[in-house]
Amino acid sequence: MTQSLNLDYRAAEPLEGFAQVVALEGNKAWLVPEQTSSCGGCASSSVCGAKGMGTIASRLEARRFQIVNDFNLRPGERVVVGIRENALIKASITAYAIPLCTLLGAGALAQWWAGSDLITMASMFAGLAAGLWLARLVAARLLVRGELAPRFIRRAAPGESCSVE
């Protein structure tokens, strides 16, 4: 029986970025994404580690991620990694839409049923807690299935960089 690649041509092209291998642990490689020239200028730069609180080492540590080292990667190597665009959409829906929908749904239901602002606010907090719990379950499922994990695409050519306009 021959082994074939499972290619989904309907899927969008992966979003690519450069990363550097910083450590190896068994068959795992730890990578840190390289900052582009536009990094540090967006509204979420303090969260991603481009700037913000703490030392440079602690910010880089927070941005580290792992991939399976099936490609004999070595520390110091630059690689191109990618993630499917639909993975970012799934992660955004999981992190934002699920808690927001449960919060608003619980509030609307409580307002319709009880008509009391105090009960509505309490229900909204309960809805938010339920939504965060549900989002955590969905995120864990996506992680187990490997849908949110960056993938090794290729080694970066010497001098290759992002073409950010």
Point to revise | Single residue of segment 43-70 satisfying the filter (within 21 Å of Glu16 (Cβ to Cβ) and exposed (fewer than 13 other Cβ atoms within 10 Å of the Cβ)) that is modelled with the lowest pLDDT | key: Ser44
Check your understanding: How many residues, within segment 120-154, are loosely packed, with under 14 Cβ neighbours inside 10 Å, more than 17 Å from the chain's Cα centre (by Cα) and not aliphatic (A, V, I, L, M)?
Key -> 3
Exercise for review: Return the pairs, sorted by first residue and then second, in which the second residue is not charged (D, E, K, R), the first residue lies in segment 142-159 and is free of Cβ contacts under 8 Å to residues at least 60 places away in the same chain, the beta carbons are less than 9 Å apart, and the residues are 6+ apart or on different chains.
Suggested key: Leu142/Ala87; Leu142/Ala91; Leu142/Thr94; Leu142/Leu148; Leu143/Ala149
Check your understanding: Tell me, which residue of segment 18-34 that is within 17 Å of the chain's Cα centre (by Cα) and under 14 Å from Arg64 (Cβ atoms) is modelled with the lowest pLDDT?
Key -> Glu34
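The values are calculated or read from the model by the stated rules, or taken from the named source; none is laboratory data. This is a predicted model, so every value here is computed, not measured. Neighbour counts are summed over all protein chains in view; Cβ atoms, including those assigned to glycine, are modelled from backbone coordinates with ideal geometry.
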